[in-house]
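The next block holds one structure in the form of structure tokens; read it before the comments.
The values are calculated or read from the model by the stated rules, or taken from the named source; none is laboratory data. The structure presented is a predicted model; accordingly, all values stated were derived computationally and were not measured. A quick note on method: Cβ atoms are made from the backbone with ideal geometry, for glycine too, and the neighbour counts reach across all protein chains shown.
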Amino acid sequence: MRAVLTVIGKDMVGILAGVSGICAETGVNVMEVTQSILQDMFAMIMLVDISDSNVPFDELSARLAKYGDDNALSIRIMHEDIFNSMHRI
Amino acid sequence: MLNTKDILETIRMIQDENLDIRTITMGISLLDCSRSDASAACDAIYDKICRYAEKLVSTGEDIEREYGIPIINKRIAVTPIAMIAAACPGADTVRYAHALDRAAETVGVNFVGGYSALVHKGFGPGDYALIQSIPEALATTKKVCSSVNVGSTKAGINMDAVQMMGRVIRECAEKTVDDSYFGAAKLVVFCNAPEDNPFMAGAFHGAGEADCVINVGVSGPGVVRAALEKVPDGDITEVADMIKKTAFKITRMGQLVAKEASKRLCVPFGIVDLSLAPTPAVGDSVAHILEEMGLERCGAHGTTACLALLNDAVKKGGVMASSHVGGLSGAFIPVSEDAGMIEAARCGALSIEKLEAMTAVCSVGLDMICVPGDTSAEILSAILADEAAIGMVNSKTTAIRLIPAIGKKEGDEVEFGGLFGSGPVMSVNRYSPAKFISRGGRIPAPMQSLKN
């Protein structure tokens, strides 16, 4: 299953490293990354493959959310299809 | 890869604009649970619901987590119980309500709908007893919802049933005075009731439906209002286009969730109900959409036109986004469940008469409206007759869900809590319709019924 991982918050050093570190630990393969900074607000979007993840989806989601809470970032991971269905015909 | 702007738009809709799936409703036929012994029938009903809906709640929660979209309610709709109860005349019908309540508790759903009777042309076996038992059934159960269909475009309006329902509505409130008259909030009286509606309190599983189906109701008034903020000075055509585009996106998400739930539960997908269902939360109001179009307050002159536009645009946008559309599909205007409606009713901008006009152009009827506690059963019946007439003549669903606030008068407040919200007691016209209501009989079906 492919999922979209979004990180939104104030820009700071190490966000990409921190999030991709969690992906590496949990066996989540990062397929694409885009990031942009608009007036100090950092928005990173990763397309990830979680088919070979070594933790259940709930745990992955909770670990990312905790990292987000600790660093004042909003981190979400959602099934790719929700975006495909809403924005593509 | 997906466009960053699109991804952030979806996240903003969910995070800031209250976008959610309002309900996944499993429709279950109970026709094979009919027994000549009421105890055996109740056991069969309990067993079948528990067997079919065992994984409904957990599957809904799994989808919620994986897709990151809140699914507020998981519900069950069943075959109108009057049809099942008809097999054992003389039995206490309330027992069926208790069986439904127990089953709902066991599988963990929020509500079960279908303590219902369809009497638009006349009373069949079981109908009369079930309708009489509604106040007791709703007062002694937590999760059971009830509905009665008293009219249709094809059949006309059963005025005997209309007369009876005025009394039943009052009794529902009287029996639940200590619980904010909640019995009356779980009862809907329809004209042209849809058989696949996933929304409570009016959901039931029609006799023409499959054994089991999954129906999904979407929501998202907050998303539509936020989208309209982007065209502050656009003309009305631009407003309609913006609503259509937004409704399309919302419905696509509903379709995705419905298909996924259907696949995981191995149950056929029924319909997506394209409704804008408000909640009392700030930013989740249909009234605020109308105000965003340029009304100082919902209820002002122009409200009916704005609502007609909204209702039509929601359907046009949504219909291409889903393979099967059904249920009520349109904009809901429940007063106590909509922050903007509550404000408008409190300040006097919105009256029952204006709400009645609005129901001619939107998807439901006079919904979640508190009326003074001394409103007579005849007046309640007459309000129902008016509403049913609008539905009958316009070939659309209309309904009433009125709450006679026993012991309270106009201007007092009633607090229901949760999604049911709160609201002021609204004034009703006091001139008596008693003679008209006491006549009974049937309003003949209108010319519109002769389409063959």
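Residues in segment B:66-119 that are basic (Lys, Arg) and assigned to a strand (DSSP E or B) were compared, and the one that is surrounded by the most Cβ atoms within 10 Å (Cβ to Cβ) is B:Arg75.
Here is a yes/no grid of residues against (1) in a loop (DSSP other than H, G, I, E, B); (2) in contact with a Gly (Cβ under 6 Å, 6 or more places away or on another chain); (3) in the same structural domain as B:Glu171 (by TED's automatic domain parsing); (4) farther than 22 Å from B:Ser146 by Cα:
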{"position": "B:Ala382", "(1), (2), (3), (4)": "no, no, no, no"}
{"position": "B:Glu387", "(1), (2), (3), (4)": "no, yes, no, no"}
{"position": "B:Gly391", "(1), (2), (3), (4)": "no, no, no, no"}
{"position": "B:Lys408", "(1), (2), (3), (4)": "yes, yes, no, yes"}
{"position": "B:Ser427", "(1), (2), (3), (4)": "yes, no, no, yes"}
{"position": "B:Gly440", "(1), (2), (3), (4)": "yes, no, no, yes"}
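When segment B:417-440 is filtered for residues that are of a type outside the set (Phe, Trp, Tyr), under 20 Å from B:Gly156 (Cβ atoms) and surrounded by 12 or more Cβ atoms within 10 Å (Cβ to Cβ), the ones remaining, listed by number, are B:Pro433, B:Ile437, B:Gly440.
Residues that are over 11 Å from A:Gln35 (Cβ atoms), more than 8 Å from every other protein chain (Cβ to nearest Cβ) and crowded, with 22+ Cβ neighbours inside 10 Å within segment A:4-16 comprise just one, A:Leu5. Under 30 Å from B:Phe123 (Cβ atoms), assigned by TED's automatic domain parsing to the domain that holds B:Gly113, among the charged types (D, E, K, R) and part of a loop (DSSP other than H, G, I, E, B): does that describe B:Asp43? So B:Asp43 fails the test.
Of all residues in segment B:37-58, how many are more than 14 Å from chain A (Cβ to nearest Cβ) and polar (S, T, N, Q)? Quick ask: steps written out before the conclusion?
Initial filter on segment B:37-58 (more than 14 Å from chain A (Cβ to nearest Cβ)): B:37-57.
Narrowing the set further to residues that are polar (S, T, N, Q) leaves B:39.
So the count comes out to 1.
Counting only residues that are over 16 Å from B:Ala203 (Cβ atoms) and either touching a Pro at 6+ places or on another chain (Cβ under 7 Å) or aromatic (Phe, Trp, Tyr) (or both), segment B:32-79 holds 3 of them. Looking across segment B:289-304, the residues that are of a type outside the set (Asp, Glu) and either touching a residue at least 40 places away in the same chain (Cβ under 8 Å) or closer than 15 Å to B:Arg225 by Cα (or both) come down to B:Ile289, B:Leu290, B:Met293, B:Gly294, B:Leu295, B:Arg297, B:Cys298, B:Gly299, B:Ala300, B:Thr303, B:Thr304. On the basis of being in a loop (DSSP other than H, G, I, E, B), among the aliphatic types (A, V, I, L, M) and in contact with a strand residue (DSSP E or B) (Cβ under 7 Å, 6 or more places away or on another chain), does B:Ala445 make the cut? Yes.
If we scan segment B:285-299, do we find a residue that is in contact with an Asp or Glu (Cβ under 8 Å, 6 or more places away or on another chain), in a helix (DSSP H, G or I), within 14 Å of chain A (Cβ to nearest Cβ) and buried (at least 18 other Cβ atoms within 10 Å of the Cβ)? Talk me through it step by step, then tell me what you get.
As a first pass, look at segment B:285-299 and keep what is in contact with an Asp or Glu (Cβ under 8 Å, 6 or more places away or on another chain): B:285-287, B:292, B:297-298.
Going one step further and asking which of them are in a helix (DSSP H, G or I), we end up with B:286-287, B:292.
If we keep only those that are within 14 Å of chain A (Cβ to nearest Cβ) too, we end up with none.
No: segment B:285-299 contains no residue that is in contact with an Asp or Glu (Cβ under 8 Å, 6 or more places away or on another chain), in a helix (DSSP H, G or I), within 14 Å of chain A (Cβ to nearest Cβ) and buried (at least 18 other Cβ atoms within 10 Å of the Cβ).
Of all residues in segment B:1-23, those that are within 9 Å of another protein chain (Cβ to nearest Cβ) and touching a residue at least 24 places away in the same chain (Cβ under 8 Å) have Cβ atoms under 9 Å from Cβ atoms of residues that are surrounded by fewer than 15 Cβ atoms within 10 Å (Cβ to Cβ) and of a type outside the set (S, T, N, Q), 6 or more apart or on another chain, in B:Ile14/B:Pro70.
Filtered by the rule that a residue be farther than 17 Å from A:Leu64 by Cα, acidic (Asp, Glu) and at pLDDT 90 or above, segment A:4-40 gives a lone residue, A:Glu32. Across segment A:64-84, the qualifying residues are those that are within 14 Å of the chain's Cα centre (by Cα) and surrounded by fewer than 16 Cβ atoms within 10 Å (Cβ to Cβ), and the one among them that is nearest to the other protein chains (Cβ to nearest Cβ) is A:Ser74. Within segment B:261-279, one or more residues are assigned to a helix (DSSP H, G or I) and under 16 Å from B:Asp196 (Cβ atoms).
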